[in-house]
Amino acid sequence: MRRRFLAYFLEVLKPFYTAVDRLEVGKHTTQPAIVDKRHGRLCSLLAHGLLGLLLRPHKEDLLAVTGYFFDECVGFPADEAEVRKSIHHTTEWGKRCREVELQDHQFLFGIVQGGTYQALRRQSAQEIAKIDFDGFAIGGVSVGEGHQLLREITGMTAPLLPPKKPRYLMGVGLPEDILAAVHRGVDMMDCVIPTRYARQGTLFTRTGKLRIMDKTFRKDKYPLDTKCQCYTCQTYTRMVLRYLFFTKDPLAETLATIHNVTFYEDLMGDIRKAIENNDYENFQSRWLNAYLKKGQK
Ligand SMILES: [Zn+2]
């Protein structure tokens with residue numbers, strides 16, 4: 001397997017989002033930013049924004065390192081005629097967008113659509129792959145099709161994309177979906193899950209997800225995850241964290257977010273190592289085995 005690009009993108013910080021929203025872009029961060037357009041955040045802004053901003057010389061300092069052209073993402077379910085029309089728009093927009101000159105530090109990714117129709121996925125992938133993008137995104141997923149179909153679409157689309165360029169699966173996801181996507185040839189993903197779940201009190205651990213507000217953690221003196229090196233796990237017990245959530249202390253969401261983001265970073269780091277060691281299959285089953293087994297500390 002080739003895995004040189006493995007990466008995971010999280011929600012961008014709010015000040016950056018606001019900055020782009022107002023098209024008042026400064027140099028607040030050096031981090032690449034990709035945000036899922038289906039969550040109504042930056043990606044559509046970025047897709048529109050990158051085009052728009054590239055056409056405005058004084059906005060060329062846009063922090064976007066990786067941009068996406070404006071595709072047409074149909075929902076689920078969608079009939080074949082609708083999907084066919086959307087891939088036509090997507091390809092035509094892709095061609096036009098590729099003509100815009102990028103700065104040296106910027107990359108432009110193509111997006112493949114095609115809904116759940118194998119022939120249309122193939123057609124879209126072939127059309128988009130012909131345009132010389134820096135990487136390729138599998139779009140039109142995580143729109144309500146469910147885990148199984150998501151995996152099928154990923155499995156049918158990823159092999160159609162140029163093997164030497166990064167493949168990005170938009171809007172994914174839960175750890176088990178990330179592992180499945182990597183298994184099918186995906187290099188990059190993004191999702192709001194780590195931060196959104198954290199704010200709602202759902203924390204990820206190597207032995208499964210937990211709801212910190214559950215009564216079980218009332219007297220739990222363990223850290224969230226004994227193997228996690230994050231500030232939250234090194235400093236707070238589950239019972240204290242539960243108390244902070246219970247009393248609606250604003251610190252609770254921050255601590256939970258620190259942990260969930262660290263958890264995802266660790267997961268991606270471990271995936272990368274396993275691939276480098278040519279041990280991904282074993283790693284995946286070991287990891288899932290521990291993660292899906294309940295009741296461990
Ligand atoms: Zn932690």
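The values are calculated or read from the model by the stated rules, or taken from the named source; none is laboratory data. Bear in mind the structure is a predicted one, so any value in this text is a computation, not a measurement. Cβ placement follows ideal geometry from the backbone for every residue including glycine, while neighbour counts extend to all protein chains displayed.
Summary table below
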| quantity | calculated |
| --- | --- |
| Output for region 96-147, where each listed residue is hydroxyl-bearing (Ser, Thr, Tyr), part of a loop (DSSP other than H, G, I, E, B) and over 25 Å from Leu179 (Cβ atoms) | Tyr117 |
| Where a residue in region 198-210 is more than 16 Å from Arg286 (Cα to Cα) and its partner, wherever it lies, is among the hydroxyl-bearing types (Ser, Thr, Tyr), with Cβ under 8 Å and at least six apart | Ala198/Thr257; Arg199/Thr257; Leu203/Tyr197; Phe204/Tyr197; Phe204/Tyr264; Lys209/Tyr197; Lys209/Thr202; Leu210/Thr202 |
| All positions within region 211-220 that are more than 15 Å from the ligand (Cβ to nearest atom), assigned to a loop (DSSP other than H, G, I, E, B) and surrounded by 13 or more Cβ atoms within 10 Å (Cβ to Cβ) | Met213 |
| Residue in region 177-193 that is farther than 30 Å from Asp249 by Cα, of a type outside the set (Phe, Trp, Tyr) and in contact with a His (Cβ under 7 Å, 6 or more places away or on another chain) present | yes |
| Residue in region 189-200 that is assigned to a strand (DSSP E or B) and within 18 Å of Leu292 (Cα to Cα) present | no |
| Residues that are more than 7 Å from the ligand (Cβ to nearest atom) and surrounded by 15 or more Cβ atoms within 10 Å (Cβ to Cβ), drawn from region 226-238 | Tyr236, Thr237, Arg238 |
| Which numbered condition His89 fails, given (1) modelled with pLDDT of 85 or more; (2) under 30 Å from Gln284 (Cα atoms) | (2) |
| Residue tally, condition closer than 11 Å to Met156 by Cβ and in contact with a strand residue (DSSP E or B) (Cβ under 9 Å, 6 or more places away or on another chain), over region 115-140 | 3 |
| Selection count where residues are near the ligand (Cβ under 9 Å from one of its atoms) and among the hydrophobic types (A, V, I, L, M, F, W, C), scope region 262-279 | 1 |
| Failed condition for Gly135, given (1) free of Cβ contacts under 8 Å to residues at least 12 places away in the same chain; (2) over 29 Å from Met239 (Cα atoms) | (1) |
| Which numbered condition Pro223 misses (of (1) assigned to a loop (DSSP other than H, G, I, E, B); (2) in contact with a strand residue (DSSP E or B) (Cβ under 8 Å, 6 or more places away or on another chain); (3) crowded, with 18+ Cβ neighbours inside 10 Å) | (2) |
| Qualifying position, being surrounded by 20 or more Cβ atoms within 10 Å (Cβ to Cβ) and free of Cβ contacts under 8 Å to residues at least 40 places away in the same chain, among Leu255, Leu251 | Leu255 |
| Of all residues making up region 196-209, the number that are surrounded by fewer than 21 Cβ atoms within 10 Å (Cβ to Cβ) and within 12 Å of the ligand (Cβ to nearest atom) | 1 |
